[in-house]
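What follows draws every value from the coordinates through simple rules; no lab data is involved. Note that the structure is a prediction, hence the values are computed from the model and not measured. No Cβ is skipped: glycine too gets one built from the backbone with ideal geometry, and neighbour counts run over all protein chains shown.
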Amino acid sequence: MRLLLHVCCAPDAAAPFEILKNEPWEEITGFFYGSNIHPEDEYHRRADALKFLSGRYEINVLWRPYEPGLWFAAASHLADDPERGERCNLCFSLQLCAAAEEGVKRGASHLGTTLAISPHKDAALISRLGIETAASHGLIWGGRVWRKNNGFSRSVQISKELGLYRQSYCGCVYSQRQT
Ligand code: SF4
């Protein structure tokens with residue numbers, strides 16, 4: 001019962017952190033990928049918000065080094081894809097694979113993600129990618145559709161109460177331009 005939870009951003013992690021802290025996990029560790037985020041200032045704004053939330057709920061978060069060049073090398077051929085298209089599928093896979101690798105290193109039993117809290121994200125797709133990624137790394141998929149039972153509203157409420165930074169676009173330069 002050791003969970004490695006991929007965290008896409010602090011506001012989306014607020015309700016999951018609150019729920020998980022009340023469950024009998026032996027260990028809960030967050031993981032932030034971040035190399036998809038553009039520009040670097042925005043990365044730091046989101047990372048700072050997550051550091052604050054991590055301290056508030058006493059959930060340790062691991063950080064992948066910020067390497068946008070690697071993300072662009074993998075995803076830039078899909079620059080013209082609309083949001084929720086192939087580029088996003090690839091982006092989710094990159095993030096989940098990085099989280100799974102970290103989970104294996106740390107002896108996690110389960111892999112999860114906060115991604116499915118957003119009503120803008122395809123929960124079935126995330127679940128399928130999560131199951132595949134967890135299985136290929138020898139982990140159990142512990143993903144949930146956090147937006148159920150008013151999870152998304154609760155995350156918004158906590159974010160407001162804590163004054164968390166809330167971004168206006170998904171993360172990459174393409175989503176920033178589209179927004
Ligand atoms: S829109 Fe979001 S999920 Fe899609 S590629 Fe950009 S950062 Fe990744």
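Based on the alpha-carbon gyration tensor of region 1-113 and its eigenvalue square roots a ≥ b ≥ c, which shape applies: rounded if a/c is under 1.5, prolate if not and a/b is larger than b/c, or oblate? Mind showing how you got there, number by number?
On the way: a/c = 2.03, a/b = 1.60, b/c = 1.27.
Prolate is the answer for region 1-113, as a/c is 1.5 or above and a/b outweighs b/c.
Return the Cα extents of region 128-179 along principal axes one, two and three, sorted largest first, each rounded to a whole Å.
Computed over the Cα atoms, the extents are 37, 31, 16 Å.
Can you compute the FRET efficiency between Asn149 and Glu27 using 1/(1 + (r/R0)^6), with r the Cβ-Cβ distance and R0 = 30 Å? Round to the nearest 0.05. Present the calculation step by step, with values, prior to reporting the outcome.
On the way: r = 24 Å, r/R0 = 0.82.
Result of the calculation: an efficiency of 0.75.
So how compact is region 82-141: Cα radius of gyration and Dmax in angstrom?
Considering region 82-141 through its Cα atoms, Rg and Dmax are 11.4, 37 Å.
Starting from the amide H of Asp122, placed 1.01 Å from N in the peptide plane, find each other amide H under 5 Å away whose residue is 5 or more places distant or on another chain.
none
Where a Cα-Cα gap under 27 Å defines reach, which lysines qualify for Lys160, not counting those fewer than 8 residues away within the same chain?
Lys21, Lys51, Lys121, Lys148
Rank by packing, highest mean first: peptides 55-65, 139-149, with packing defined as the count of other Cβ atoms within 10 Å averaged across residues.
On the way: 55-65: 14.5, 139-149: 18.3.
Sorting 55-65, 139-149 by mean packing, highest first, produces 139-149, 55-65.
What are the DSSP H helices in the chain that stretch 27 Å or more along their long axis, judged by alpha-carbon atoms, and whose average Kyte-Doolittle hydropathy comes to at least -1.0?
On the way: long enough: 86-105 (29 Å, 0.21).
Helices passing the filter in the chain: 86-105.
Would you calculate, for the chain, the mean residue ellipticity at 222 nm contributed by helices, counting each DSSP H stretch of 4 or more residues as -39,500 (n - 2.57) and dividing by all residues, to the nearest 500?
On the way: 7 runs with 90 residues, N = 179.
After summing the helix terms and dividing by the residues of the chain, the value is -16000 deg cm²/dmol.
If you take the square roots of the eigenvalues of the alpha-carbon gyration tensor of region 78-179 and sort them as a ≥ b ≥ c, do you get rounded (a/c under 1.5), prolate (a/b over b/c) or oblate? Spell out each step's value before the answer.
Working: a/c = 1.84, a/b = 1.20, b/c = 1.54.
Oblate is the answer for region 78-179, as a/c is 1.5 or above yet b/c matches or exceeds a/b.
Would you give the gap between the C-alpha center of region 1-76 and the C-alpha center of region 100-176, rounded to a whole Å?
9 Å
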